[in-house]
1. By how many nm would the segment from Glu220 to His440 grow when fully extended, if each residue of separation counts as 0.36 nm and the alpha-carbon distance is taken off?
2. Where in the chain are the DSSP H helices whose C-alpha atoms run 24 Å or more along the long axis and whose mean Kyte hydropathy is at least 0.0?
3. Got the relative contact order for the range 65-129 handy, in percent, Cα pairs under 8 Å and 6 or more residues apart?
4. Give the accessible surface of the chain per residue, rounded to a whole number of Å², with probe radius 1.4 Å and ligands, DNA and RNA excluded.
5. Suppose a student asked you for the relative contact order of the range 443-506, using Cα pairs under 8 Å spaced at least 6 residues apart; what percent would you report?
6. Run the helix sum for the chain: -39,500 (n - 2.57) per DSSP H stretch of 4+ residues, divided by residue count, reported at 222 nm to the nearest 500 deg cm²/dmol.
7. If packing is taken as the mean number of other Cβ atoms within 10 Å per residue, what is the order of 481-494, 398-411, highest first?
8. I need the shape label for the range 130-220. Rule: rounded when a/c is under 1.5, else prolate if a/b > b/c, else oblate, with a, b, c from the alpha carbon gyration tensor.
Amino acid sequence: MAPKYAIGVDYGTESGRAVLVDLTDGTEVADHVTPYPHNVIDEQLPDSNVKLEFDWALQHPGDYIEVLKQSVPAVMKASRVDPADVIGLGIDFTACTMLPVDAAGTPLCFKPELKDQPHSWVKLWKHHAAQDEANLINEIAEQRGETFLPRYGGKISSEWMIAKVWQILDEAPELYEQTDMFLEATDWVVFQMTGNKVRNSCTAGYKAIWHKQDGYPSREFFKALNPQLENLTETKLRGEVVPLGTKAGELTPEMAGLMGLKPGIAIAVGNVDAHAAVPGVGVVSPGKLVMAMGTSICHMLLGTEEKRVEGMCGVVEDGIIPGYMGYEAGQSAVGDIFAWYVEQGVPAYVKEAAEKEGVNVHEWLEAKASDYQPGETGLLALDWWNGNRSVLVDTDLTGLLIGCTLLTKPEEIYRALLESTAFGTRKIVDAFQDNGVEVHELCACGGLPQKNRLLMQIYADVTNREIKIADSKQTPALGAAMFGAVAAGAAQGGYDTIVEAAQKMARVRKDTYKPIPENVAVYELLYQEYSKLHDYFGRGENNVMKRLKAIKETTA
Ligand SMILES: Nc1ncnc2c1ncn2[C@@H]1O[C@H](COP(=O)(O)OP(=O)(O)O)[C@@H](O)[C@H]1O
Ligand SMILES: O=C(CO)[C@H](O)[C@H](O)COP(=O)(O)O
């Protein structure tokens, strides 16, 4: 029989990419990236004078369709694979990236009369302007002794569905009324391809407080937030929630025409980028922490029991791999911090030198920073440039760099920023380990492990654990393709379970990053200092970051 193929489409923060995968062994035959034409909308609405407030991050839903229109035909063309041999397609997405739609499923921002209303647009995962609502959700849930709270590390994040929905109700009540449903963007794109509105258990579980046995929180809880939210889950969040790997439907003839595929192929229910990466890197059993390392890091882990872990993003039964508890934690900015420094903090001579040497600024700084030993810069940083997702769960926290002198060099600051993110990951590893969820080894995927060797060695040294690296450059997309193959099923040339698909299709590289004992010892000392700063600024002893933010908001 001719080999069969599936396509995985990975929707990242700034771009979407499609990968065409051979189902016999996971070979990535072709890939193509489409940058989102509108990128992240965080200053002004498109074709409008409307300026956005601080902490907003929106997207244009049309950009997601553009990825299907450009990247899918591009991989078909490059591979010369016969469309008849493509049996399934899966997608993964950033989350919670959500949007309000009308009864026909049309995004409200597509309506001319609503396009100038910021709340009609897609709220990207890193939209952090619903922190007030998140704080109240946590306060009220705690007062009421809601049993869901421990499943989310004790705090519901402002990045998630309920805080974002409530912000819309608070700030744009008419738009809330006009909304027929709030959908995760991943479910909306699947709806575009199949005509079926199906909610996936992964985003519902991690981002919308849905539980396999208990469903959503009670009407009483929502009423306590705001009486207008009492019926939220039966109305604007209604819809069947189905497990990962389920076939959401078949590709419609119209979309097949746009994408260069055959109508009727199996489309898997939506998934989250980091979660799809777990089978993508071949992890289908406990003890192996998968780090999806890009603009942010998501830390994914399987376990057999539901444990309480401070500040984790969530534990969801079957949330990653069926049969296991799926744990998620994360850091809201990692690559984004390095990007900030490269774009905003580096002197002109660095940019000129990098250009002269034919490397990018990251590469130039990495090479220079590699000449330093751990501790030699005298610097230490807190990695909260975009708030803290785990373990403090507080988007109002901000960055900190300590130890600068008149002799401090850009590469030293760059190294301190790399180290700060490794310390943030160590906090997460320790939180799991200390609460009985074992972490034996780390598996890294995403853009960063391909780009920065120094960063990966620092992570091995700071966590004192070996790090395996995914062989795929597009691990979430590979995982999404696996789910596409499962949606198609073995009878069509796919797989019946995600475990089988991962065993056949995933690979890690032979070379790994191993901790260097001398570095581990110094980083242990630095980590103790990091921990003191972490608790001092992050646990209420000195709320200077919040006070500065409050002053900024009143004077802006
Ligand atoms: N050489 C480098 N070292 C460290 N970070 C880098 C380097 N090159 C790019 N980055 C960062 O990588 C991030 C993009 O990661 P990537 O995995 O490609 O994207 P995404 O998170 O959107 O999927 C950006 O935040 C960028 O600043
Ligand atoms: O919270 C998430 C998953 O649960 C986001 O999707 C993620 O943090 C964004 O990913 P990336 O940095 O790869 O764009």
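1. So the extension gain works out to 75.1 nm.
2. Helices meeting the span and hydropathy rule in the chain are 61-79.
3. Reported relative contact order: 26 percent.
4. Value for the chain: 38 Å² per residue.
5. Relative contact order, the range 443-506: 26 percent.
6. Computed mean residue ellipticity for the chain: -11500 deg cm²/dmol.
7. Order by mean packing, descending: 481-494, 398-411.
8. Oblate, since a/c reaches 1.5 and b/c is not below a/b.
The values are calculated or read from the model by the stated rules, or taken from the named source; none is laboratory data. Computed from a prediction, not measured in an experiment: that's the story for all the values here. We place every Cβ from the backbone using ideal geometry, glycine too, and count neighbours over all the protein chains shown. We work out accessible area using only protein heavy atoms, side chains counted, and drop any ligands, DNA or RNA first. Shrake-Rupley method; radii C 1.70, N 1.55, O 1.52, S 1.80 Å.
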